[in-house]
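Report on the following structure.
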Amino acid sequence: MWQFSLYGTNIDFLRWRKLAMIWSAAVLFIAIAALLVRGMNLGLDFTGGTVLEVQYPQPVEIPKVRETLALSLIHISEPTRPY
């Protein structure tokens, strides 16, 4: 069985408190700056919606597929990434 011997262990945590606070503040500042510069890139999980992936054995005409889907009850919008 593992046994930890902590008897006589003396770790001076307070000695490093200022360095730890500076390090934490720097990481927080970098994270906030990155969020402001790059913005939030919310994927489908957070923006809502549905992904519909379809494969065909042969090449098809995209406008014809969109026209057929428009006639059905499925509401489609312009894709963000055309394939």
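Remark: Val51 falls outside the filter, which requires a residue to be modelled with pLDDT of 80 or more and among the β-branched types (Val, Ile, Thr).
Test Phe29 against the criterion of being modelled with pLDDT of 90 or more and either touching a strand residue (DSSP E or B) at 6+ places or on another chain (Cβ under 9 Å) or in a helix (DSSP H, G or I) (or both), and give yes or no. In short, yes. If you check Ser72, Ser24 for being hydroxyl-bearing (Ser, Thr, Tyr), at pLDDT 75 or above and surrounded by 10 or more Cβ atoms within 10 Å (Cβ to Cβ), only one passes: Ser24.
The values are calculated or read from the model by the stated rules, or taken from the named source; none is laboratory data. Here the structure is a predicted model, which is why all the values come from computation and not from measurement. We place every Cβ from the backbone using ideal geometry, glycine too, and count neighbours over all the protein chains shown.
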